[in-house]
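Taken together, the values in this text are just the output of simple stated rules run on the coordinates, not laboratory data. Computed from a predicted model, the values in this text were never measured in an experiment. Every residue, glycine among them, receives a Cβ derived from its backbone with ideal geometry; neighbour counts consider all protein chains shown.
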Amino acid sequence: MTFLSDFGHRDAYAAQVKAVILSHVPDAQIIDITHDIEPYGIVSAAWLLSTTYPHFPQGTVHLAVVDPGVGTDRAILEVRKKGHVFIGPDNGIFSFLYPADEVREITWRPEGAVSSTFHGRDIFAPMAARILAGHGLGLPGVPKHDPVAFDVNAPMVVHIDTFGNVITNIPCNDLKAGCSLEVNGMKVTAAAGTFADIPEGGLGLICGSASTIEIAANRARASDIIGAKSGMPVSLVT
């Protein structure tokens, strides 16, 4: 299974979630996608989940916990797509997976005390363990026909990576000669094949590893230069 969250590594939150899963399924293999999502960064989480899960084998369970609504009555979803199972809050974190093969609101809840501030450990982890122990069988629930989702077709910044690259959801094929991207009032026009093709400290447009356009800087953080953040709108100017 995989695990993605905004818990970071300073605290023990991610470890406690894993501990609960392993206490139920000792032989579970848990691969961290990342726990360094910016706090409450649903767009980044949704993007990283959607671009990472295809590299795992079918049958993998993916737990995604970026949950600003923890403790509220927001739904918890089980989503199935292309042989993969996803568990997480109904807050848009699965937006890039829709349309999915199946979306269900999980009605099952574990027995015992539940912290209103840590559903990741007390609710999501037991759910993941139950699916793992059941060899992929679903949890009790009902079909969810209107899950929360943001418009994945709207051009936007979907993630800022460790190097400060400004990753968009615009396909590389849309990048034509003379085009520019505008983010936060700044236009970037120069296209580059590699990071090294960009003048040091300058900005350029490259085709990223997810086959979408990125704004990058050579040995500098493009996001800092532009003031870009995940979720910002992007304009493709031809």
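Suppose the Debye formula is applied to equal point scatterers at every Cα of the chain; what is log10 I(q)/I(0) at q = 0.09, 0.17 Å⁻¹?
Evaluating at q = 0.09, 0.17 Å⁻¹ gives log10 I(q)/I(0) of -0.42, -1.16.
Enumerate lysine pairs in the chain that are 8 or more residues apart or on different chains, then count those whose Cα atoms are under 21 Å apart. Intermediate results must be reported in sequence, preceding the final value.
On the way: K81/K144; K82/K144; K176/K187; K187/K229.
Pairs that pass both the separation and distance tests number 4.
Using +1 at the Cβ of each Lys and Arg and -1 at the Cβ of each Asp and Glu in the chain, identify which of N165, M186, T60 lies farthest towards the dipole's positive end.
Among N165, M186, T60, the one farthest towards the positive end of the dipole of the chain is T60.
Under a Cβ-only charge scheme (Lys and Arg +1, Asp and Glu -1), can you give me the dipole magnitude of the range 157-237 about the Cα centre, in debye to the nearest 20? Provide the component values of the computation, followed by the final result.
On the way: 5 positive and 7 negative charges, 19 e Å.
Dipole size: approximately 100 debye.
What is the angle, in °, between the Cα long axis of helix 13-24 and the longest principal axis of the Cα atoms in the chain? Nearest 10 is fine, range 0 to 90.
On a 0 to 90 degree scale, this one is about 40.
Expected output is a single nm value to one decimal: the length gained when fully extending between S235 and H24, i.e. 0.36 nm times separation in residues minus the C-alpha distance. What is it? Display every interim value, and only then the final one.
Working: separation 211, 0.36 × 211 = 75.96 nm, distance 4.80 nm.
Full extension from S235 to H24 adds 71.2 nm.
How long are the three semi-axes of the equivalent ellipsoid of the range 79-121, in whole Å, if each is the root of 5 times an eigenvalue of the C-alpha gyration tensor, listed from largest down?
Gyration-tensor ellipsoid for the range 79-121: 24, 12, 8 Å.
Restricting attention to the chain, give the cysteines that have no other cysteine Cβ less than 4.7 angstrom from their Cβ.
C179
Does the range 132-225 come out rounded, prolate or oblate, given a ≥ b ≥ c as the square roots of the eigenvalues of its C-alpha gyration tensor, rounded meaning a/c under 1.5 and, failing that, prolate meaning a/b above b/c? Numbers along the way, then the final one.
Details: a/c = 2.85, a/b = 2.21, b/c = 1.29.
It comes out prolate by the Cα gyration axes.
Provide the percentage of antiparallel DSSP beta bridges, counting only those with both residues in the chain; round to the nearest 5. Don't skip to the answer; put the middle values down first.
Details: 32 of 44 bridges.
Around 75 percent antiparallel, to the nearest 5.
Under a Cβ-only charge scheme (Lys and Arg +1, Asp and Glu -1), can you give me the dipole magnitude of the chain about the Cα centre, in debye to the nearest 20? Show your work: numbers first, answer last.
Working: 16 positive and 24 negative charges, 37 e Å.
Its charge dipole is roughly 180 debye.
For the chain, what is the relative contact order in percent, using Cα pairs closer than 8 Å and at least 6 residues apart in sequence?
Working: 491 pairs, mean separation 40.2, N = 238.
It comes to 17 percent, rounded to a whole number.
Restricting to DSSP loop positions (anything but H, G, I, E, B) with no more than 14 other Cβ atoms inside 10 Å of their own Cβ, which GluC sites (Glu not before Pro) remain in the range 88-134?
Details: sites: E102, E105, E111; in loops: E111.
The qualifying sites are E111.
Under a point-charge model restricted to the Cβ atoms of Lys and Arg (+1) and Asp and Glu (-1), what is the dipole moment magnitude of the range 2-143 relative to its Cα centre, in debye to the nearest 20?
240 debye
At most 13 other C-beta atoms within 10 Å and a DSSP loop state: those are the exposed trypsin sites (Lys or Arg not before Pro) I care about. Give me the longest piece of the chain that has none.
Numbers: sites that count: R10, K82, K176, R219.
Between exposed loop sites, the widest span is 83-175.
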